[in-house]
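Before any comments, here is the structure.
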Amino acid sequence: MPRISVLNMKGGVGKTTASIHIAAGLAGRGNRVLLIDADPQGNISHTLNLRHGTTLRELMLDEASIDEAVVRDVRENLDVIVSTTAAFSLERQLAGAMQRETIMSRRFNNLAEYDFVVVDTSPAMNLITFNALLFADAAVIPVSMDLMAVIGARQTLSGICEVRQLWPDRRLDILAVLPTLVNHSTNATRATLELLNSDPQFNSLVHPGGIRQCLDLTYAAAAHQTIWEYAPRSRAAEDFNTFVDFIEHSTRSETLVAYAKI
């Protein structure tokens, strides 16, 4: 069962949009998928219009079971665990916990019913993000078309390197660097893609084409829908279809790219 964390230390790069569409896209292909919101901002619940009394916070504190926390059948084959701002207190509440960076791995040790798990993360290398990385076996790094997003991606790779050095027994591969908000008519997009493709840290990981800038993604989120529900013929729907195809093929054929040097 592939466990995919979506992360970038820069906010506003499309992590939540990517997480939702990776999860929904995989579910739409008949896979059983669990989507976990590991960002205390709770953007997944806002986007999908979900309300649930038991959240990631209660799971991390061992105050509830997974069955109590899971929101079932948000879409066909898609379940969700939501988060709220109450999770901001976890850093303090878990300060004295044993092996606190691996709490998520221990709490989520029985997910046999799922084919994929997708985790949306916070734009900060905090305790929850470390838990998400140690829980995952693969990472997707969205990068919007600006220099700060590239810097955030580099910081993310440094965090992944730290995780792999501190916990060498845990597998954590880079599945893809995913360009987002791509508009080839702008200098910003051309400059950012050139930077990514010329950087030895990124060039072999960049998903070709990425996700093109598409206003329908904004409208879909406002309507609490995925892009396939709101505008199935849009370029964003086409791009996310291509990326989900890539994820399904890569994980099933075990051709994940291991990021060995940072």
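The values are calculated or read from the model by the stated rules, or taken from the named source; none is laboratory data. Computed from a predicted model, the values in this text were never measured in an experiment. Cβ placement follows ideal geometry from the backbone for every residue including glycine, while neighbour counts extend to all protein chains displayed.
Just a few scattered comments:
- Matching residues, segment 62-82, being assigned to a loop (DSSP other than H, G, I, E, B), crowded, with 16+ Cβ neighbours inside 10 Å and touching a residue at least 24 places away in the same chain (Cβ under 8 Å): V70, N77, V82
- Residues located in segment 106-121, provided they are among the polar types (S, T, N, Q) and at pLDDT 90 or above: T121
- Search result, residues across segment 1-54 that are more than 19 Å from Y230 (Cβ to Cβ) and either in contact with a Cys (Cβ under 6 Å, 6 or more places away or on another chain) or among the hydrophobic types (A, V, I, L, M, F, W, C) (or both): M1, I4, V6, L7, M9, V13, V33, L34, I36, A38
- Unmet requirement for P123, which otherwise passes all of (1) in a loop (DSSP other than H, G, I, E, B); (2) without any contact (Cβ under 8 Å) to a residue 24 or more places away in the chain; (3) closer than 30 Å to L193 by Cα: (2)
- Scope segment 219-233; condition within 18 Å of the chain's Cα centre (by Cα) and outside any loop (DSSP other than H, G, I, E, B); matching residues: A221, I227
- Positions within segment 91-125 being aliphatic (A, V, I, L, M), closer than 14 Å to D62 by Cβ and more than 20 Å from the chain's Cα centre (by Cα), in sequence order: L94, A97, M98
- With respect to the conditions (1) over 20 Å from G12 (Cα atoms); (2) touching a Phe, Trp or Tyr at 6+ places or on another chain (Cβ under 9 Å), S250 lacks only one, and its number is (2).
- Pairs meeting the criteria (first residue in segment 21-35 and over 12 Å from I247 (Cβ atoms), second residue surrounded by fewer than 24 Cβ atoms within 10 Å (Cβ to Cβ) and aromatic (F, W, Y), beta carbons under 7 Å, at least 6 apart or on different chains) are G28/W228; R32/Y114; L34/Y114.
- Residue that is surrounded by the most Cβ atoms within 10 Å (Cβ to Cβ) [pool: residues in segment 7-37 that are within 15 Å of I141 (Cβ to Cβ) and of a type in the set (A, V, I, L, M)]: L7
- All positions within segment 194-218 that are farther than 30 Å from L50 by Cβ and under 21 Å from the mean Cα position of the chain (by Cα): L196, Q201, F202, N203, S204, L205, V206, P208, G209
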